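Q: The structure under discussion is supplied below as structure tokens; questions concerning it will follow.
The values are calculated or read from the model by the stated rules, or taken from the named source; none is laboratory data. Note that this is a predicted model, so its numbers are computed, not measured. As a convention, Cβ positions derive from the backbone with ideal geometry for all residues, glycine included, and neighbour counts pool all protein chains shown.
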Amino acid sequence: MNDTPEEIRKMQFQVINSKPLKERVKMMTDMTDFSRKLIENQIRRKNPGITDNELQLEVFKTFYKNDFDAPMMTKIIENYREYQIKART
């Protein structure tokens, strides 16, 4: 959704770009952390008994669902689960 007028978007861009690089990177990581927490909370609400490992997988699928086709996503998930089993032994 993009309901922000173009001139306002340009002003926002100018304000953000006027900040030092270190501050912009901090803003970016804070937003990423915040979005991850929102997604985790949504997943936990839908799956109250989810394990931490399964939560990580669900977050991964949410973030990268458009980056991998179904067979590759399945392969990544299977490899992750195998890795977790080996790590426990």
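Q: Considering only segment 20-36, I want to know if a residue exists there that is touching a helix residue (DSSP H, G or I) at 6+ places or on another chain (Cβ under 7 Å) and touching a residue at least 12 places away in the same chain (Cβ under 8 Å).
A: Within segment 20-36, one or more residues are touching a helix residue (DSSP H, G or I) at 6+ places or on another chain (Cβ under 7 Å) and touching a residue at least 12 places away in the same chain (Cβ under 8 Å).
Q: If I ask for residues that are among the polar types (S, T, N, Q), part of a loop (DSSP other than H, G, I, E, B) and either touching an Asp or Glu at 6+ places or on another chain (Cβ under 9 Å) or within 16 Å of PHE60 (Cβ to Cβ) (or both), which ones from segment 14-50 would you list?
A: Of everything in segment 14-50, just one residue is among the polar types (S, T, N, Q), part of a loop (DSSP other than H, G, I, E, B) and either touching an Asp or Glu at 6+ places or on another chain (Cβ under 9 Å) or within 16 Å of PHE60 (Cβ to Cβ) (or both), namely ASN47.
Q: Is it the case that ASP67 is among the acidic types (Asp, Glu), at pLDDT 95 or above, out of contact with any Pro (no Cβ under 9 Å at 6 or more places or on another chain) and part of a helix (DSSP H, G or I)?
A: no
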